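What follows is a set of notes on a single structure, which appears directly below.
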Amino acid sequence: MNGYAGNILRVNLTDRTHRILPLPESLVRDFIGGRGFVAKLMWDEIPPGADPLGPENKIIVAPGPLTGAFLPGAGKLEWGAKSPATGGYGDSNIGGHIAPEIKYAGFDAIIIEGQASEPVYLYINDFDIELRCASHLWGQGALQCETTLKAELGEEFQICTIGPAGENKVLFACISHDFGRQAGRTGIAAVMGSKNLKAMAVHGTKAIPLADPAETLEVGKQMFAACFAKPGFEEWTPQGTAGVTNWVNEVGAFPTRNFTSGFFPKYENINGEALVSRIKVTDKACYGCPIPCGKYSRVKKPAYDVYVEGPEYETIALIGGNTEIDNIEDVAYANYIQDELGLDSISGGNVVGFAMECFEKGIIQSDMIGGRILRFGSVDDFVWLSQEIAYRRGIGNILADGVKKASEVFGQGSERFAIQVKGLEWSGYEARHAPAMMLSYMTADVGAHHNRSWAITFDVATGRDKLEGKAKRVTELQHIRPLFDMLCLCRLQWVELGFELEWYPKIFRAVTGQKRSWDELLEFSERVWNLTRCYSLREIPGFGRSADYPPARFMEEPIPDGPTAGKYMPREVIDRLLDEYYAIRGWDQRGIPGAAKLHNVGLEFAEATIAPLRA
Amino acid sequence: MRLETESRLCSGCKVCLTICALSHFRENNPKKGALRVESKFPTPGVFQVHVCNQCGACAAVCPVEAIREQGGVFLLDRETCVSCMACVEECPFGVLIVHPSEPVPIKCDNCGECVRYCPREAILDGEGSVKRMGR
């Protein structure tokens, strides 16, 4: 099967065995790769009702058919597991260089099951597979652990690690790689921690089989040349994702003060210009990327001197605006602290902002945190609380479960400003004024994450007061973006350069030999979208419409200031968006896929599980 | 053409390695690229690109004259090579590459594809005749 390494690696941590199995043709035929493999293998492999932090949960790692091939942005890897944060479908995407390395080692998916009795790391050197002792690594920071393993194994190994947060099963712990890339969302690092799996180190030497090497070389060259010719190639790259900070403030969508506002008055002190002029060391790319979004930085102050990849936009939003840290140096330092602890800086900034607001409102009191105070804008408080969370000390032990569960403990109305959906903290776009972006967050399968459908530009372009057409566009985007995650490609060439989607079927054909139009490929994406919905329906009692609502703050509290002052999205608008969305999707008004839809998208095997839920 | 580097521009994307291997071996395998990208992280946080500048040190130590100069470019003759790896040891830039599935070292033939497709123009033609695509 061209484009594929041809093997699945199954690793059992309990009995410390592994098997190399042929990649099933049916999996390729129906689910393509990456996110598709993750969704199908989770459905098949993880027993229904599994404890996300128990030995029966499994971690699925999958690159895609274009990963590591010769085209722009072919360096993505999909991680999946039943999410300890949401209890439902969980995945997270990581860049860097490990995804191609897994293919060069000979694998299209890795299934990690069971639970080790003591800390281990997974060593993969082509087909030489070992579970090695990691007792000397346990307790190390995520970056420190990568440094240690590089020194032990050699620079040529690509390494993923978890930090203390993952070890301590913080539900928003992240997987770290390449000194600053993260699979941050849905808590898969906590699943690694629960399995005593500290790291994975991979080295491979094999080629990826190509259907037509000459055509791959030719189309790949054309794709790179086309990227070079785009205006954004020169303009976008220097600041990377941080460059959007200005625009998001100008349209009033910048998370500020735990999502109280959509505008941070001091944004020019934490934006892309500040990053480039004050702290950037170098641009740092994932495999095959002509427009590196990675900004490797050094921040040096009397109190600290650290290197960190970033901050990228999401970190600027959630650590910067959302906790009101108002200078790029402190944002980068706080970013470093969370990276080393192994905390997702999206959820990490969101949770700390939530705690700061709880303190302001008297829900967290000084005597609950050893006489300390928690202030918006204080990097010292941010760092202290991040450490308490990562080591599950004191109030940190409650916050380590995320804002939804913490608000259930704190009560006193704190659930109104626990900014999450499905138990996953909201990322970097305040959306009370933007119906398509709001609906994107509400219906993203993993919870409140922007990357399934980044619709805010569509809202601004088509009018934010308009509801017509928004649910339709969100549905389309929810098929396009996750298709990138199935092929395991980066979407930023398309999003930021306007790189034409028509290129991808051409290179897909050259690499795999399969002739499929973009629209045909999107049909696979719809199949996977429905499957992940079915997975969460299977796993979470009562899952459905009620899991698709934003927090009360967004439905009831007007934005107090900035360009979007006065905006909020009343429940009747939310309901109308959901009604339209479900109708377009072929789901009933409780958000359950209909039998006809499951049949049409090739998910007949899920019908027996879903049918009783419709009764 | 003579390869030169501007390592401060390198972002570590490895396009050079992939296009090199694909052009010469018709294989999608950057481990067969005839150059090196060294990552120096977490500190000082820079990349260093190592390329062949056709210095000929490899030819000078080859016991069987398998590496011969043609028009300023040193080419490795696979038939003559006896895989002693003396050239690999001698190369001052570490860019005679050994790969487990190749019987002989992999050597740069100065084709210029890395110059044409390095997105960052971190690999250059010191003589200025070959440029990145679109330049």
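The values are calculated or read from the model by the stated rules, or taken from the named source; none is laboratory data. Only a predicted model underlies this, so the values are computations on that prediction, with no experimental measurement involved. When we count neighbours, we look across all protein chains shown, and the Cβ atoms used for this are built from the backbone with ideal geometry, even at glycine. Surface areas here come from the heavy atoms of the whole protein model, side chains and all, with no ligands, DNA or RNA. Shrake-Rupley method; radii C 1.70, N 1.55, O 1.52, S 1.80 Å.
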Only listed residue being within 29 Å of B:GLY45 (Cβ to Cβ) and polar (S, T, N, Q), chosen from A:GLN115, A:GLN140 | A:GLN140
Spans of helices (runs of 4 or more DSSP H) in the stretch A:187-302 with at least 1 residues more than 14 Å from every other protein chain (Cβ to nearest Cβ) and in contact with a helix residue (DSSP H, G or I) (Cβ under 6 Å, 6 or more places away or on another chain) = A:188-194, A:245-250, A:272-278
Please work out if A:GLU500 is in contact (Cβ under 8 Å) with a residue 40 or more places away in the chain, touching a helix residue (DSSP H, G or I) at 6+ places or on another chain (Cβ under 9 Å) and open to solvent by less than 20 Å² (accessible area, probe 1.4 Å).
-> no
Tally the residues that are part of a strand (DSSP E or B) and of a type in the set (D, E, K, R), restricting the search to the stretch A:58-117.
-> 4
Residues of the stretch A:68-107 that turn out to be in contact with a Phe, Trp or Tyr (Cβ under 6 Å, 6 or more places away or on another chain), under 22 Å from A:VAL528 (Cα atoms) and within 14 Å of another protein chain (Cβ to nearest Cβ), as a count = 1
Out of the stretch A:29-49, which residues are open to solvent by less than 10 Å² (accessible area, probe 1.4 Å) and farther than 16 Å from A:ASP91 by Cα?
-> A:ILE32
Criterion (at pLDDT 95 or above, open to solvent by less than 10 Å² (accessible area, probe 1.4 Å), under 13 Å from the mean Cα position of the chain (by Cα) and within 14 Å of another protein chain (Cβ to nearest Cβ)) met by exactly one of B:VAL15, B:VAL37 = B:VAL15
Any pair with Cβ under 6 angstrom, 6 or more apart, that starts in the stretch A:505-516 at a residue that is closer than 16 Å to B:LEU22 by Cβ and ends at one that is of a type in the set (D, E, K, R) | A:ALA510/A:ASP212; A:ALA510/A:GLU215
Residues of the stretch B:83-98 satisfying the condition of being among the β-branched types (Val, Ile, Thr), over 9 Å from the mean Cα position of the chain (by Cα) and assigned to a loop (DSSP other than H, G, I, E, B) | B:VAL98
Any helices (runs of 4 or more DSSP H) falling wholly within the stretch A:313-431 and containing at least 3 residues that are modelled with pLDDT under 95 and under 25 Å from A:GLN182 (Cβ atoms) = none
Check on A:GLY348, open to solvent by 10 Å² or more (accessible area, probe 1.4 Å) and either in the same structural domain as A:ARG185 (by TED's automatic domain parsing) or not charged (D, E, K, R) (or both) | no
Taking the stretch A:208-240 and keeping only residues that are open to solvent by 40 Å² or more (accessible area, probe 1.4 Å) and either within 18 Å of A:PRO100 (Cα to Cα) or hydroxyl-bearing (Ser, Thr, Tyr) (or both), one is left with A:PRO209, A:ALA211
Output the residues belonging to the stretch A:183-211 that are at positive phi and not polar (S, T, N, Q).
-> A:GLY187
Tally time: how many residues in the stretch B:18-34 are in a loop (DSSP other than H, G, I, E, B) and facing chain A (nearest Cβ under 7 Å)?
-> 3
Of those in the stretch B:40-51 that are surrounded by 17 or more Cβ atoms within 10 Å (Cβ to Cβ) and over 15 Å from B:LYS14 (Cα atoms), the residue farthest from the chain's Cα centre (by Cα) is B:PRO42
Kindly indicate which of A:GLU340, A:GLU360 is open to solvent by 10 Å² or more (accessible area, probe 1.4 Å) and under 25 Å from A:THR241 (Cβ atoms).
-> A:GLU340
So A:LEU9 fits all but one of (1) away from every other protein chain (no Cβ under 14 Å); (2) in a loop (DSSP other than H, G, I, E, B); (3) surrounded by fewer than 24 Cβ atoms within 10 Å (Cβ to Cβ); (4) not acidic (Asp, Glu); what number is the exception?
-> (2)
Of (1) buried (at least 22 other Cβ atoms within 10 Å of the Cβ); (2) within 11 Å of another protein chain (Cβ to nearest Cβ); (3) over 28 Å from A:ASN350 (Cα atoms), A:LEU122 satisfies all except one. Which?
-> (2)
For residues that are open to solvent by 10 Å² or more (accessible area, probe 1.4 Å) and at the interface with chain B (Cβ under 9 Å from one of its Cβ atoms), scanning just the stretch A:307-328, find the one that is farthest from A:ALA242 (Cα to Cα).
-> A:TYR307
Scan of the stretch B:91-132 for residues that are open to solvent by less than 50 Å² (accessible area, probe 1.4 Å), under 14 Å from B:ARG78 (Cβ atoms) and more than 12 Å from chain A (Cβ to nearest Cβ), ordered by number | B:LEU96, B:VAL104, B:PRO105, B:ILE106, B:LYS107
Quick check: is even one residue across the stretch A:355-365 over 25 Å from A:GLY193 (Cα atoms) and of a type in the set (Asp, Glu)?
-> yes
Hey, could you check the stretch B:40-61 for residues that are facing chain A (nearest Cβ under 7 Å) and part of a loop (DSSP other than H, G, I, E, B) and say which is nearest to A:GLU155 (Cα to Cα)?
-> B:PHE41
Which residues, taken from the stretch A:70-101, are closer than 20 Å to A:ARG185 by Cβ and aliphatic (A, V, I, L, M)?
-> A:LEU77, A:ALA81, A:ALA85, A:ILE94, A:ILE98, A:ALA99
Going by the conditions given, is A:ILE389 within 24 Å of A:ALA285 (Cβ to Cβ), assigned by TED's automatic domain parsing to the domain that holds A:PHE264 and open to solvent by less than 10 Å² (accessible area, probe 1.4 Å)?
-> no
